[in-house]
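S.K.: My structure is below; once you've seen it, I'll send some questions.
The values are calculated or read from the model by the stated rules, or taken from the named source; none is laboratory data. Since the structure is predicted, the reported quantities are computational estimates derived from the model, not experimental observations. Methodologically, a virtual Cβ is constructed for each residue, glycine included, from the backbone with ideal geometry; neighbour enumeration extends over all protein chains shown. Accessible surface areas use protein heavy atoms only, side chains included; no ligands, DNA or RNA. Shrake-Rupley method; radii C 1.70, N 1.55, O 1.52, S 1.80 Å.
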Amino acid sequence: MIHEETPNYRLANLNDAPILHTFAQKMFPDATPSYIPQEAVQTFINEKLSQKIFEEYIRSEHYQVGILEKNKQPVGYTVLCTNTAENPEIVAEAACLSKFYLDPSVRGNGTAQKMMDAVCEQARQAGFTTLWLGTAKLNIRANKFYEKYGFRIVGERKFYLTQDIYGDDVIRRFNL
């Protein structure tokens, strides 16, 4: 019998940047509404989810990048932004959960709950009492999870993938 390890969540380091970029390339299209042109999705990945961007996040004091691994392979990642100056959609005292992605192979078994618990603890440890995130209105799966976890809709925004192409997001807030 092959032993399947429990996913392990940890903070990422610079060696993880290439892995995170490759994983983000795979996961971002899964969360993007079908009406968004694939060229815009690829442009966003190239510009906002590059290895260089992940290196910048990991080096920055304003970001905490988490990686979830199972059998030494990435199955999820998070990016928590604690730079409130970059979060104009919500009040300054709230941290922003910029990215929260799980591979389909680990969905539906409580893994998302555990990963969100870890991110909430990171935000608390950083001194925040509130967490906010934006997600595509049409991302039904993610919105169901966030609602069940306790995130409440507090607004809307346009999420620009390119200068001209955007998706419609809801803004959700969670009191830690």
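S.K.: Of these, I67, I36, which one is hydrophobic (A, V, I, L, M, F, W, C) and out of contact with any Ser or Thr (no Cβ under 9 Å at 6 or more places or on another chain)?
M.R.: On the way: I67 fails: out of contact with any Ser or Thr (no Cβ under 9 Å at 6 or more places or on another chain).
After ruling out the rest, the residue left standing is I36.
S.K.: Could you tell me which numbered condition N143 fails, if it satisfies all but one of (1) in a strand (DSSP E or B); (2) at pLDDT 95 or above?
M.R.: Of (1) in a strand (DSSP E or B); (2) at pLDDT 95 or above, only one is false for N143: (1).
S.K.: Assuming R107 fulfils every condition listed in (1) charged (D, E, K, R); (2) at pLDDT below 95; (3) closer than 21 Å to R152 by Cβ apart from one, which condition is it?
M.R.: It is condition (3) that R107 fails.
S.K.: Shifting gears a bit: Any chance the range 154-168 includes a residue that's open to solvent by less than 50 Å² (accessible area, probe 1.4 Å) and under 18 Å from G76 (Cβ atoms)?
M.R.: There is no residue in the range 154-168 that is open to solvent by less than 50 Å² (accessible area, probe 1.4 Å) and under 18 Å from G76 (Cβ atoms).
S.K.: Based on what the data block shows, is A95 within 20 Å of F151 (Cα to Cα), open to solvent by less than 60 Å² (accessible area, probe 1.4 Å) and out of contact with any Pro (no Cβ under 7 Å at 6 or more places or on another chain)? Lay out the reasoning, then the answer.
M.R.: On the way: within 20 Å of F151 (Cα to Cα): yes; open to solvent by less than 60 Å² (accessible area, probe 1.4 Å): yes; out of contact with any Pro (no Cβ under 7 Å at 6 or more places or on another chain): yes.
The answer is yes for A95.
S.K.: Next question. Would you check if there is a residue in the range 105-114 being closer than 22 Å to T32 by Cα, part of a loop (DSSP other than H, G, I, E, B) and open to solvent by less than 20 Å² (accessible area, probe 1.4 Å)? Spell out the reasoning first.
M.R.: First, pick out the residues of the range 105-114 that are closer than 22 Å to T32 by Cα: 105-108, 111-113.
Those still in the list that are part of a loop (DSSP other than H, G, I, E, B) too: 107-108.
Now restrict to residues that are open to solvent by less than 20 Å² (accessible area, probe 1.4 Å): none.
The answer is no, given that none of the residues of the range 105-114 is closer than 22 Å to T32 by Cα, part of a loop (DSSP other than H, G, I, E, B) and open to solvent by less than 20 Å² (accessible area, probe 1.4 Å).
S.K.: Mind checking which pairs have a first residue in the range 58-77 that is within 10 Å of L20 (Cα to Cα) and a second that is of a type in the set (K, R) and in a strand (DSSP E or B), Cβ under 8 Å, 6 or more apart or different chains?
M.R.: G66/R10; I67/R10; Y77/K99
S.K.: With (1) in a strand (DSSP E or B); (2) touching a residue at least 60 places away in the same chain (Cβ under 8 Å); (3) in contact with a helix residue (DSSP H, G or I) (Cβ under 8 Å, 6 or more places away or on another chain) as the list, and V154 as the residue in question, which single condition is left unmet?
M.R.: All conditions are met except number (3).
S.K.: Pairs only if they're at least six apart or on different chains, beta carbon under 8 angstrom, first in the range 138-151 and over 14 Å from Q113 (Cβ atoms), second of a type in the set (S, T, N, Q) and open to solvent by less than 40 Å² (accessible area, probe 1.4 Å); list them, first residue then second.
M.R.: What qualifies is N143/T135.
S.K.: Also, I was wondering about something else. Within the range 59-75, track down each residue that is surrounded by 15 or more Cβ atoms within 10 Å (Cβ to Cβ), over 23 Å from Y160 (Cα atoms) and not acidic (D, E).
M.R.: G66, I67, L68, K70, P74, V75
S.K.: Out of all the residues in the range 79-93, which are out of contact with any helix residue (DSSP H, G or I) (no Cβ under 7 Å at 6 or more places or on another chain) and at pLDDT 85 or above?
M.R.: Across the range 79-93, the qualifying residues are C81, T82.
S.K.: When the range 15-41 is examined, which residues are found to be farther than 13 Å from V79 by Cβ, open to solvent by less than 80 Å² (accessible area, probe 1.4 Å) and either without any contact (Cβ under 8 Å) to a residue 60 or more places away in the chain or part of a helix (DSSP H, G or I) (or both)? Lay out the reasoning, then the answer.
M.R.: Kept after step one, since they are farther than 13 Å from V79 by Cβ, are these residues of the range 15-41: 15, 18-19, 22, 25-26, 29-41.
The next check asks that each one be open to solvent by less than 80 Å² (accessible area, probe 1.4 Å); those that pass are 18-19, 25, 29-33, 36-37, 40-41.
Of everything in the range 15-41, those that are farther than 13 Å from V79 by Cβ, open to solvent by less than 80 Å² (accessible area, probe 1.4 Å) and either without any contact (Cβ under 8 Å) to a residue 60 or more places away in the chain or part of a helix (DSSP H, G or I) (or both) turn out to be P18, I19, Q25, P29, D30, A31, A40, V41.
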